[in-house]
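Engineer: Dropping the structure in here first, questions after.
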Amino acid sequence: METTEIIDTLATQAAQQTPYWADYNVADYFLNGGIGPMCVITLFLIGVLVSAWKAPAWVRDFGFGAVIAAVCWLFVGFIQMFQAIEIVGNTMSFSVHCGGLWRILIPLVYGLLIYLLSILISTFQKPRI
């Protein structure tokens, strides 16, 4: 059995055994998004929360930093995915491609949620008229 057939078999089995994506918990998303990117983006979340308390002017800056970091990790993930496709060729199934894209997009969604939180915090901290 070739490597690509093994990968396709494992991906098919995983797709059949994996429950609906909403059954995942937060730790599963954190691990599927990658420890490195998710930890870096979490540091920006901590920066948003601390700056909301100590330096309100920096809240949006930390939120925007989370988005920038997420976009950088998105490009790194795409580069890695394209290298894997180049090595394996056209023998990879569509479900494997979709699984890779899903895992690449998790840090981006996390970074965008942190940016949304920073906008909300910044908006509610502004002086009222």
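Engineer: Which three lengths, in whole Å and largest first, does the range 77-129 cover when its Cα atoms are put on their principal axes?
Structural biologist: The Cα atoms of the range 77-129 stretch 62, 18, 11 Å along the principal axes, largest first.
Engineer: Of all alpha-carbon pairs in the range 18-93, indicate the percentage at a distance above 20 angstrom.
Structural biologist: 52 percent
Engineer: I've got another one for you. State to the nearest 20 debye the size of the charge dipole of the chain about its Cα centre, where the only charges are +1 on K and R beta carbons and -1 on D and E beta carbons.
Structural biologist: Here the chain has a charge dipole of around 940 debye.
Engineer: Given a 1.4 Å probe and heavy atoms of the protein chains only, how would you sort TRP73, TRP53, TRP58, largest accessible area at the top?
Structural biologist: TRP53, TRP58, TRP73
Engineer: Let me ask another. Note the full-extension length gain between ALA27 and LEU112 as 0.36 nm times their separation in residues minus their Cα-Cα distance, in nm to one decimal.
Structural biologist: Using 0.36 nm per residue and subtracting the Cα-Cα distance, I get 28.8 nm.
Engineer: Follow-up. How large a share of the accessible area of the chain, in percent, is made up of carbon and sulfur atoms when the probe is 1.4 Å and the other protein chains stay in place?
Structural biologist: Carbon and sulfur: 71 percent of the exposed surface of the chain.
Engineer: Quote the convex hull volume per residue of the chain, based on C-alpha atoms, as a whole number of Å³.
Structural biologist: Each residue corresponds to 119 Å³ of Cα convex hull volume.
Engineer: Run the helix sum for the chain: -39,500 (n - 2.57) per DSSP H stretch of 4+ residues, divided by residue count, reported at 222 nm to the nearest 500 deg cm²/dmol.
Structural biologist: -28000 deg cm²/dmol
Engineer: Pop a pseudo-label 7 angstrom from the Cα along the beta-carbon direction at both SER93 and VAL50 and give the gap in nm to one decimal.
Structural biologist: For SER93 paired with VAL50, the spin-label model returns 4.6 nm.
The values are calculated or read from the model by the stated rules, or taken from the named source; none is laboratory data. Note that the structure is predicted; figures quoted are calculated from it, not measured. Because the Cβ atoms are built from the backbone with ideal geometry, glycine has one as well, and the counts that use them run over all protein chains shown. For accessibility, only protein heavy atoms count, side chains too; no ligands or nucleic acids. Shrake-Rupley method; radii C 1.70, N 1.55, O 1.52, S 1.80 Å.
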